[in-house]
Amino acid sequence: MMFGPIKISPEKLMEEALRVQQKLGAGLKSLAEVGNYDVGCTAKEPVWKDGKAVLYRFLGEHSPTEKTPLLISYALVNRPYMVDLQEDRSIVRSLLAAGHDVYLIDWGYPDASDRLMDLDDYINGVLGGCVDQLRTRCGVEAVNLLGVCQGGAFSLCYAAMHPRKVRNLITMVTPVDFQTPDNMLSHWCRDLDIDQFVDAVGNVPGDLMNWCYLTLKPYRLNGQKYLGLIDMLDSPAELTNFLRMERWIFDSPDQAGEAFRQFIRDFYQQNKLIEGGLTIGEYDVDLARVTMPVLNIFAEQDHLVPPAASRALREVVGSKDYTELSFKGGHIGIYVSGRAQREVPPAIDQWLKQRRR
């Protein structure tokens, strides 16, 4: 296919150059106005700690009206404040306003002393410890569990191993079938010599993990994003929003070596969560034992967890009360977009309230 020359007049070039110059000049003023900015907008208090992990309770403007606590289990690879990024982009604030008693696991930043932590330590140890703390603290037999991305896979495993402790399970952009044809991450790591890799590096650097994610869509997640930054340089509010997202993207904890080894081998390379044969600690993980109500939320344009990878849950879960919610957006937009704020928290709230006991 032949393309003709791009015709841009000198006047148009000059006009565009002047516009960019003005935007850059305004950017210096905007950066001065931005100053310090916070991430994680909602007040919270620590209620339990296990090693570097902390269980937080969010403090709403009013006392919760729902008796069953809602525990959020985020992924290990990024910081969990994405669900409470800022006042107008916070799933947490919306759930608090609806009367829920919301808690969050902050996994912390692993260091060399955590290298030998495995999935049993994270799922039965930390996640299980948080669940038991809430059962005692709130006087309930079971909690509502909301798992996000890898934290959703952890939540599925926990619910399969300890079904009596989970009243309702919500999974959000959660991979279940790790070998769908459109799963780019899976294709990358299926042939990785995971033993040699972890034995060589110990804990996996967060910067390396982040680089892998960004290069899945290099133009959109690198070049296009920063070109778009020019258009918001004269708006301190938009620039602050951009900087919050950048801070979250590059705030990537290292990964405990043994947990990473096990997750890549058993989930991505051998697909045991759906194929069977997965063992966590002393427990066999069988998703047929996930018999509590399940709400599975996935994003239609998700490049990290393709919809097919998440929708596979329908075929293997043991629950007779299974619901899917399809969100028109991507892996990050499901937390922070305007559409997400209007659609996702109200859907979670309504689903949970319909299943009160």
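The values are calculated or read from the model by the stated rules, or taken from the named source; none is laboratory data. Only a predicted model underlies this, so the values are computations on that prediction, with no experimental measurement involved. Glycine also receives a Cβ, built like all others from the backbone with ideal geometry; neighbour counts cover every protein chain displayed.
Go through region 311-345 and give me each residue that's charged (D, E, K, R) and in contact with a Pro (Cβ under 9 Å, 6 or more places away or on another chain). Show your work before the answer.
Our first condition is that a residue be charged (D, E, K, R); within region 311-345, this holds for 311, 314-315, 320-321, 324, 328, 339, 342-343.
Listed by number, the residues that qualify are Lys320, Asp321.
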_Of all residues being within 19 Å of Ile334 (Cα to Cα) and charged (D, E, K, R) in region 81-138, which is surrounded by the most Cβ atoms within 10 Å (Cβ to Cβ)? Just the residue, please._
Asp84
*May I ask you to list the residues in region 264-301 that are surrounded by fewer than 23 Cβ atoms within 10 Å (Cβ to Cβ) and part of a loop (DSSP other than H, G, I, E, B)?*
Gln270, Asn271, Gly276, Gly277, Gly281, Glu282, Asp286, Thr291, Met292, Pro293, Glu300, Gln301
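Just checking, how many residues over region 45-96 are in a loop (DSSP other than H, G, I, E, B) and under 12 Å from the mean Cα position of the chain (by Cα)?
Taking region 45-96 first, the residues in a loop (DSSP other than H, G, I, E, B) are 51-52, 59-69, 74-79, 87-88.
Of the ones still in play, those that are also under 12 Å from the mean Cα position of the chain (by Cα) are 74-79.
Adding up the residues that qualify gives 6.
Suppose the filter is in contact with an Asp or Glu (Cβ under 6 Å, 6 or more places away or on another chain) and either over 19 Å from Leu71 (Cβ atoms) or not hydroxyl-bearing (Ser, Thr, Tyr) (or both); does Ile280 pass it? Outline the logic, then answer.
On the way: in contact with an Asp or Glu (Cβ under 6 Å, 6 or more places away or on another chain): yes; either over 19 Å from Leu71 (Cβ atoms) or not hydroxyl-bearing (Ser, Thr, Tyr) (or both): yes.
Spelling it out, Ile280 is indeed in contact with an Asp or Glu (Cβ under 6 Å, 6 or more places away or on another chain) and either over 19 Å from Leu71 (Cβ atoms) or not hydroxyl-bearing (Ser, Thr, Tyr) (or both).
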*Just give me the residues in region 317-336 being outside any helix (DSSP H, G or I), closer than 14 Å to Glu300 by Cα and among the small types (Gly, Ala, Ser), in sequence order.*
Ser326, Gly329, Gly330
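Residues in region 149-171: is at least one free of Cβ contacts under 8 Å to residues at least 12 places away in the same chain and not in a helix (DSSP H, G or I)? Walk me through it before giving the result.
First, pick out the residues of region 149-171 that are free of Cβ contacts under 8 Å to residues at least 12 places away in the same chain: none.
Looking for residues that are free of Cβ contacts under 8 Å to residues at least 12 places away in the same chain and not in a helix (DSSP H, G or I), one finds none in region 149-171, hence no.
Suppose we filter Gly108, Gly99, Gly125 for residues that are assigned to a loop (DSSP other than H, G, I, E, B) and over 18 Å from the mean Cα position of the chain (by Cα); which single one remains? So that I can check it myself, show each step before the final result.
Working: Gly108 fails: over 18 Å from the mean Cα position of the chain (by Cα); Gly125 fails: assigned to a loop (DSSP other than H, G, I, E, B).
Selected residue: Gly99, the only one of Gly108, Gly99, Gly125 that is assigned to a loop (DSSP other than H, G, I, E, B) and over 18 Å from the mean Cα position of the chain (by Cα).
Here's a check for you: in region 128-143, which residue that is in contact (Cβ under 8 Å) with a residue 60 or more places away in the chain and assigned to a loop (DSSP other than H, G, I, E, B) is farthest from Met161 (Cα to Cα)?
Going residue by residue through region 128-143, those that are in contact (Cβ under 8 Å) with a residue 60 or more places away in the chain are 129-131, 133-134, 137-138, 140, 142-143.
Imposing the further condition that a residue be assigned to a loop (DSSP other than H, G, I, E, B) reduces the set to 140, 142.
Values: Val140: 18, Ala142: 13 Å.
In this case the residue turns out to be Val140.
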*asked:* Condition check: at positive phi, crowded, with 24+ Cβ neighbours inside 10 Å and touching a strand residue (DSSP E or B) at 6+ places or on another chain (Cβ under 7 Å). Does Val148 satisfy that?
replied: no
*asked:* Take the conditions under 18 Å from Cys149 (Cβ atoms), among the aliphatic types (A, V, I, L, M) and out of contact with any strand residue (DSSP E or B) (no Cβ under 9 Å at 6 or more places or on another chain) and apply them to Ala299. Does it pass?
replied: no
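Scan Val143, Val131, Val77 and give me the residue that is at pLDDT below 95 and touching a helix residue (DSSP H, G or I) at 6+ places or on another chain (Cβ under 7 Å). Reasoning before the result, please.
On the way: Val143 fails: at pLDDT below 95; Val131 fails: at pLDDT below 95.
Testing whether each residue is at pLDDT below 95 and touching a helix residue (DSSP H, G or I) at 6+ places or on another chain (Cβ under 7 Å) leaves just Val77.
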